[in-house]
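Heads up: the structure comes next, in structure tokens.
The values are calculated or read from the model by the stated rules, or taken from the named source; none is laboratory data. Everything quoted here is computed from the prediction, not taken from an experiment. Glycine gets a Cβ as well: all are built from the backbone with ideal geometry, and neighbour counts include every protein chain shown. With ligands, DNA and RNA removed, areas are computed over all heavy atoms of the protein, side chains included. Shrake-Rupley method; radii C 1.70, N 1.55, O 1.52, S 1.80 Å.
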Amino acid sequence: MAVSLIEQAGGASAQLGGPPISYDPELERIEIYLLLEGIFQRYGFDFRAYAHASLRRRLWKRVEAERLTTISALQARVLHDPAALDLSVNVTAMFRDPGFYKSFRATVVPLLRTYPFIRIWHAGCSTGEEVYSTAILLHEEGLLDRARIYATDINDVVLRHARSGIFPLNRMQEYTENYIRAGGTRSFSEYYTAKYDGALFSPMLTRNVVFSQHNLVTDQSFSEFNVIFCRNVLIYFDRDLQHRVQKLFYDSLVTFGVLALGSKESLRFSEFEDCYERLDAREKIYKKIR
């Protein structure tokens, strides 16, 4: 069942969907409330604390995709047809924000070398481009064989895509440029072969990867981690939900573990700000110190 309401690893600002020119804002608010309550009661997925503006855009985009005219009509469709619950727009790329990966090599890899075994969590992994990027980086640093990467997302459709290891061939030039700028040490083409009208990445990269469904809103911690990636996901949550997820990450990190956030996210003014040291303030890489 595809259920994500997040632009995973996104940050896209395009106007995607919108209400009719003439509409009642108060009625819309009631419709959204009833839809989210219905999703929670029917499927157990809780989107009630998501940031309203982003959520509203996703809902109206889905209304248009289903050829409906109201959010109430979408509610009826969703409650009877789980497939209509796919409200995601997954915007991601391999080695996206190359400066982040370059900094990760310089500031985090030396810390990881001190561990006999490394646990990494990619929360909100979307279609997996960031997971494969991390696996490539760890392989080049000689750390992949002693690492276990947990790649989770609420959306089982994008998880199946991630497991396949197949990505559009026409994006390999972009990914190669990102890889080089991120400090890659080999030829990027070594990691994939052209197959199935796409680029099939080496199974070696996911030998130690576990893909699993996980809901940041309602699910609990499932292990202790040395690194947690959650980049450009928190921006779609309201303040209370951000706090809840930040607590989840804090509880899931070992002491001196690393939290990597997105470019528009921060721990500033949060309850946990003083619990972390900034390894790279610009790239939003933090180390848990207490």
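Here are the numbers:
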{"quantity": "Equivalent ellipsoid, region 63-134 (semi-axes from 5 times Cα gyration tensor eigenvalues, Å)", "calculated": "41, 14, 8"}
{"quantity": "Most mobile listed residue (ALA199, ALA49, ALA83) in the chain, GNM with C-alpha springs under 10 Å", "calculated": "ALA83"}
{"quantity": "Accessible-area order (highest first, 1.4 angstrom probe) of the listed residues ILE180, ILE289, ILE118", "calculated": "ILE180, ILE289, ILE118"}
{"quantity": "Normalised alpha carbon radius of gyration of region 68-188 [divisor 2.2 N^0.38 Å]", "calculated": "1.31"}
{"quantity": "Among PHE201, LEU248, LEU68 - extreme Cα towards positive end, dipole of the chain, charges at beta-carbon", "calculated": "PHE201"}
{"quantity": "Proximal charge balance of PRO168 [Cβ under 13 Å; K/R count +1, D/E count -1]", "calculated": "-1"}
{"quantity": "Helix 129-140 vs. the chain, principal-axis angle (Cα, 0 to 90°, nearest 10)", "calculated": "10 degrees"}
{"quantity": "Percentage of interatomic Cα-Cα distances in region 182-290 larger than 18 Å", "calculated": "59 percent"}
{"quantity": "Reachable lysines, given that their alpha-carbon falls under 25 Å from the alpha-carbon of LYS287 and they are not under 8 places away in the same chain", "calculated": "LYS102, LYS247, LYS264"}
{"quantity": "Normalised contact order of region 36-153, rounded percent, pairs of Cα under 8 Å and 6 or more residues apart", "calculated": "20 percent"}
{"quantity": "Relative contact order of region 199-290, defined on C-alpha pairs under 8 angstrom at six or more residues apart (%)", "calculated": "27 percent"}
{"quantity": "Accessible area in the full protein assembly, largest first, 1.4 Å probe, for PHE211, PHE188", "calculated": "PHE211, PHE188"}
{"quantity": "Where only C-alpha atoms are counted, convex hull volume of region 113-167 per residue in Å³", "calculated": "71 Å³"}
{"quantity": "Sites PHE117 and THR70, calculated FRET efficiency, Cβ-Cβ separation with R0 45 Å, nearest 0.05", "calculated": "0.30"}
{"quantity": "Among (1) 1.03; (2) 1.11; (3) 0.95, the entry derived from the coordinates for Cα Rg over 2.2 N^0.38 Å", "calculated": "(1)"}
{"quantity": "Degrees, to the nearest 10: 172-181 long Cα axis against longest axis of the chain", "calculated": "50 degrees"}
{"quantity": "Average Cα contact separation per residue, region 250-290, under 8 Å, 6 or more apart, as relative contact order %", "calculated": "50 percent"}
{"quantity": "Sites LYS195 and ARG148, calculated FRET efficiency, Cβ-Cβ separation with R0 41 Å, nearest 0.05", "calculated": "0.95"}
{"quantity": "Difference of contour (0.36 nm per residue) and Cα-Cα distance, VAL210 to LYS264", "calculated": "16.7 nm"}
{"quantity": "Whole-angstrom gap from region 236-290 to region 167-188, using each part's C-alpha centre", "calculated": "29 Å"}
{"quantity": "Principal-axis tilt of helix 98-107 within the chain, Cα atoms, nearest 10 degrees", "calculated": "50 degrees"}
